[in-house]
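Some notes on the structure that comes next.
The values are calculated or read from the model by the stated rules, or taken from the named source; none is laboratory data. Remember, it's a predicted structure, so these values are computed and weren't measured experimentally. Here the Cβ is made from the backbone with ideal geometry for all residues, glycine too, and neighbour counts use every protein chain on show. To get the accessible areas, we keep the full protein, side chains included, count just its heavy atoms, and leave off ligands, DNA and RNA. Shrake-Rupley method; radii C 1.70, N 1.55, O 1.52, S 1.80 Å.
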Amino acid sequence: MSDDTGDRAGKTAAGRRTELSDLRVVVDRIEGRSVCGLAPGDSFDVSCSSRLTIPEGRHFCIYALSAVLPLLPAAQRSVDPDDWLASDEVACPDPEERLIMRIERLGRRSIPTEELT
């Protein structure tokens with residue numbers, strides 16, 4: 001049994017960092033009828049842990065957003081490739097639309113842990 005409290009005691013809260021991926025969520029395809037005004041290629045980005053940006057003059061459907069939002073914190077972190085959370089496809093809950101989004105990892109950044117929300 002190992003005790004790593006010595007390692008942790010040497011690190012202050014200010015010295016800890018967390019590695020996260022910046023993400024882009026892209027409308028990959030629409031397999032049904034498009035009613036929300038989105039089209040393949042529409043997207044939004046998540047950066048710095050919690051900053052969501054949508055390209056100027058564009059929008060993103062709140063129902064599609066609600067489907068992908070709970071998965072974003074897991075997508076920002078490293079997970080086992082066989083874990084279902086590693087999947088990059090998410091479907092909008094509207095069964096008539098069948099909008100499929102893809103989560104893309106844009107790059108990693110190291111953020112001071114104390115700055116995470």
Test for residue 90: is it surrounded by 13 or more Cβ atoms within 10 Å (Cβ to Cβ), farther than 30 Å from residue 15 by Cβ and of a type in the set (Val, Ile, Thr): yes
Pair list, Cβ under 6 Å, 6 or more apart: segment 38-65 residue more than 11 Å from residue 101 (Cα to Cα), other residue at pLDDT 95 or above and charged (D, E, K, R): 45/24; 53/45
Residue match in segment 47-64 (condition: at pLDDT below 95, closer than 15 Å to residue 88 by Cα and outside any strand (DSSP E or B)): yes
Conditions (1) open to solvent by less than 50 Å² (accessible area, probe 1.4 Å); (2) in a loop (DSSP other than H, G, I, E, B); (3) among the acidic types (Asp, Glu); number of the one not met by residue 22: (2)
